[in-house]
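Written out below as structure tokens is the structure these notes cover.
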Amino acid sequence: MQLMFAWLEITVTTDSVNAEQVHGLLDTLGCLGTAQVWKLEPDSGEQQVTTQLVGYLPATEDVTEKLIWLQEQIDYALAHGWLFKPVTVTTRILESEEWEGPLREVLPPLLIGDKFLITLTDSEVDNPENRIVLRLRSLGGFGTGHHPTTKMCLEFLEKAMVAVDREVESHQTKGRRVLDVGTGSGILAIAAAKLGAKEVIATDIDDAALEAAKENAKRNEVEGKIKFVKSDLLRQVKGQFDIVLSNLLTPLIKDLAWQLKSREVLTQDSLWIASGVSSEGWKEVKPLLAKLGYRIIDECELAGWVAFKAELC
Ligand SMILES: C[S@@+](CC[C@H](N)C(=O)[O-])C[C@H]1O[C@@H](n2cnc3c(N)ncnc32)[C@H](O)[C@@H]1O
């Protein structure tokens, strides 16, 4: 089962005098990469210019409330003469295959946590804070960082001791061994490699995701550190890991909790960072984790999703 993540394309068609205000409303709504298109339309023999403002909004659970808010703002502004008719709003869900096109070009670089800067193109990015740049041009798999579940994982990951030395058979090796279950675009695996992990195993059940993740790893010059494995959860995974990352849906997180324990993938010092549990599902997952012998170290909730950090008791 895959977590579907779509973008909503919002088009506001209006008179060009309204353009700046509508642009402001789309920005406040949380739209990314708002673009403006002028259209010449024949009107009773004369040519009239209309403007289309197009914004892209991650179609998260609260998207309906956001669209209602937009319509209310427009109605209020029209009633008070701050906007002039016509103003019409249309929306369209963009499927993931459409991401490869114009959407990628208009989405601005994204800052996550204190350390990451994500860009969906290969172009140079302004990076005055000298952040770790994650280049994710290949979008065959989920994971641009715009979804709250990915964002929360990255925020937990940047604070984990990824680069710290570990002892293997009585000698020190640099960096931790990391497992990323359900790698999608490779975003978490690449982030772990760039943070200084010694070795990363990244799995996915989906061939297209693995292909995209491999391309992204090359693009980020960490292909030597990440091994990609096609696997249904832990089926093809061997060994123990210091850090396990998993942004999956609630039922898969429950299965994974069981598999991590029964296959002894975690040691007493390992950290499990998980995300993708719905707020509703968390009421069921949290007690299950306690029953299986996990201790929740930290948890956070964003836009109806929960991420957590856990270790074995
Ligand atoms: C929500 S995406 C997460 C992508 C990325 N890790 C991120 O954090 O943005 C979940 C990924 O898990 C993969 N997946 C779904 N079921 C799986 C399973 N049983 N075993 C391994 N991967 C699975 C999907 O193909 C998808 O790429």
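Just so it is clear, none of the values below were taken in a lab; they were calculated from the coordinates. As the structure is a computational prediction, the values presented were derived from the model and not from experiment. Here the Cβ is made from the backbone with ideal geometry for all residues, glycine too, and neighbour counts use every protein chain on show.
Taking θ = phi - 60°, what integer Hz values does the Karplus form 6.51 cos²θ - 1.76 cosθ + 1.60 yield along the range 199-205, in sequence order, with x for Gly and Pro?
Each residue's phi maps through the Karplus curve to give 8, 10, 9, 10, 10, 7, 8 Hz.
I need the semi-axes of the equivalent ellipsoid of the chain: take the C-alpha gyration tensor, multiply each eigenvalue by 5, square-root it, list largest first in whole angstrom.
Semi-axes from the Cα gyration tensor: 42, 21, 16 Å.
What list of ³J(HN,Hα) couplings, whole Hz, do you get for the range 232-248 from phi and the Karplus terms 6.51, -1.76, 1.60, once you set θ to phi - 60° and write x for glycine and proline?
7, 6, 9, 3, 9, 9, 10, x, 10, 10, 7, 9, 10, 10, 7, 10, 9
Give the long-range amide H neighbours of Ile297: residues separated by 5 or more places, or on another chain, with amide H under 5 Å away, using H modelled in the peptide plane at 1.01 Å from N.
Close amide H contacts, sequence-distant or interchain: Lys309, Ala310, Glu311.
Please compute the volume of the convex hull spanned by the alpha-carbon atoms of the range 140-312 and report it per residue in Å³.
Each residue corresponds to 100 Å³ of Cα convex hull volume.
Go through the range 119-136 residue by residue and turn each phi into a ³J(HN,Hα) via Karplus (6.51, -1.76, 1.60, θ = phi - 60°); whole Hz please, and just put x for glycine and proline.
For the range 119-136, the Karplus curve yields 10, 9, 10, 8, 5, 4, 10, 6, 9, x, 8, 6, 7, 6, 8, 10, 9, 10 Hz.
Give me, ordered by chain and number, the residues 5 or more places off Leu8 or on other chains with an amide H under 5 Å from its own placed amide H.
For Leu8, whose amide H was placed from the backbone, the distant partners under 5 Å are Leu57, Ala59, Leu94.
Rounded to the nearest 5, what % of the DSSP beta bridges within the chain are antiparallel ones?
Within the chain, antiparallel bridges account for around 65 percent of the total.
In what order do Cys300, Cys153, Cys31 fall by count of nearby beta-carbon atoms within 10 Å, going from fewest to most?
Final ranking by Cβ density, sparse to dense: Cys300, Cys31, Cys153.
Please compute the net charge surrounding Pro58, taking Lys and Arg as +1 and Asp and Glu as -1 over other residues with Cβ under 12 Å from its Cβ.
Once all neighbours under 12 Å are counted, the net charge is -1.
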